[in-house]
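Values quoted throughout were computed directly from the atomic coordinates according to the rules given, and no laboratory measurement underlies them. If you're wondering where the values come from, they're calculated on a predicted model, not measured in any experiment. Positions of Cβ are generated from backbone atoms using ideal geometry, with glycine treated the same way; all protein chains shown enter the neighbour counts.
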Amino acid sequence: MDDTWLKRNTFHYKDFQDIERLVAVKEERGLTISVCLPTLNEEKTIGKEIVILRSELMTRFPLIDELVVVDSGSTDRTGDVARAFGAEFYRADDILPELGLRRGKGENLWKALYITRGDIIVYLDADIKNIHHRFAYGLIGPLVLNDRIRYAKAFYDRPIATGKNVMRPTGGGRVTELVIRPLFSIYFPELTQILQPLSGEYAAYRDILEQVPFPIGYGIETSLILDICQRWGMDAICQVDLEKRIHRNQDTKALGKMAFVVMQTFFRRLNRLGALTSGPPMHNQMIQYRLVGDAYVPELFTCDGFERPPMIDVPAYRSKFGRSRPAVENARENVSGLDKAPSGD
């Protein structure tokens, strides 16, 4: 496999640690930058993230113009903490309510497009325990300094907790290594060069994000990579080494549900490319088992695969931002080999 992309489009956050330069180029280009933190019961970590981002990248260096939190319905003090430390706080249910209520990370990210104003949108997970402002400027850097780059993706070592206060290196990213990397290897081997395809930290230009659909749940990272690569080409994507990310690890059963959603999203994209031409229909339910006493009890998990349309298709969004749908002929379809997925014959 040709590693030209890997060498050309892989960066380290230290490549962009001259924040004064980033601010100067941003202002010269007339860009605005919004950061969105999607939340669900993150009162323990959200405050520190907001404090660091505001103090380092809004007060000390005016790199970020807007910091918002979009919440899925937290039952803890996430909202109170976010407001107290200076972030704009929104409940997802209150944004475009006329389009119906849905819950999920992808829903929060999609609705953030409506309530933010930045030319560049930075998405950061809200459970980062070792938060540092490199998580933001490292992703902003390549977008501001390189006209070719439209989507920046984070990668890092992800230690996993193996006991109280015990961390084992390189144990995280389990759904990546057990699910999406094998699927990429089979169907789209060039995408295996993306080291952390399911990382929750990434940034992109608004005019890219508004043109792609958003699965409302954990399939959002998979869909963004496939859709952006298909339409704009892999060279529009880069990845940035942020070194290490420590967060709350999920148990195996929760990861099983995440894997189900990720695979569902992947195979839906594959079907749209015509690679799945026969076989039984995909189902939207997964059965897991829990030991209760001496018996294993089935538990049903359902995901209907619902996706929000490209935000540019929403009349309220087009009216608010004075935008129109791009001409279909201007979209770069079937780029970077994603139109060549094997059919499995």
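Key figures for this structure:
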{"read-out": "Computed over the stretch 242-319, Kirkwood Rh from alpha-carbon pairs, angstrom", "value": "16.2"}
{"read-out": "Shape call, the stretch 271-316: gyration tensor on alpha carbons, a/c limit 1.5", "value": "oblate"}
{"read-out": "Footprinting exposure proxy for ARG325, ARG54 (fewest neighbouring C-beta atoms within 10 Å first)", "value": "ARG325, ARG54"}
{"read-out": "Within a Gaussian network of the chain (alpha carbon springs, distance under 10 Å), most fluctuating of ILE115, ILE46, ILE186", "value": "ILE186"}
{"read-out": "Highest average packing first - 3-15, 68-80, Cβ atoms within 10 Å", "value": "68-80, 3-15"}
{"read-out": "Approximate shape of the chain as ellipsoid semi-axes (Cα gyration tensor, √5λ), whole Å, largest first", "value": "29, 26, 22"}
{"read-out": "Euclidean distance between Cα centres, the stretch 193-240 to the stretch 44-94, Å", "value": "23"}
{"read-out": "Over 16 Å [Cα-Cα, the stretch 1-111], rounded percent", "value": "67"}
{"read-out": "Simple spin-label estimate for LEU276 and ASP18 in nanometres, 7 Å along Cα-Cβ", "value": "4.8"}
{"read-out": "Length-normalised contact order of the stretch 1-82 in % [C-alpha pairs under 8 Å, at least 6 apart]", "value": "37"}
{"read-out": "Relative pair counts by distance (%), Cα atoms of the stretch 198-278, 10 Å bins", "value": "14, 42, 34, 9, 0"}
{"read-out": "Distribution of pairwise C-alpha distances over the stretch 63-132, 10 Å bins, in %", "value": "17, 54, 27, 2"}
{"read-out": "Axial C-alpha extent at least 27 Å, average Kyte-Doolittle at least -0.5 - helices from the chain (DSSP)", "value": "252-272"}
{"read-out": "Amide proton proximity set for GLU243, modelled H, under 5 Å, gap of 5+", "value": "ASP157"}
{"read-out": "Peptide ranges 187-198, 263-274, 290-301 listed from the most packed, as the mean C-beta count within 10 angstrom indicates", "value": "187-198, 263-274, 290-301"}
{"read-out": "Highest-MSF residue in the chain out of GLY138, GLY100, GLY217 [GNM, Cα springs under 10 Å]", "value": "GLY100"}
{"read-out": "Given charges at Cβ of Lys, Arg, Asp, Glu: the stretch 1-99 dipole, positive-most of LEU6, VAL70, PRO38", "value": "LEU6"}
{"read-out": "Order of VAL144, VAL314 under a 10 Å beta carbon neighbour criterion, fewest first", "value": "VAL314, VAL144"}
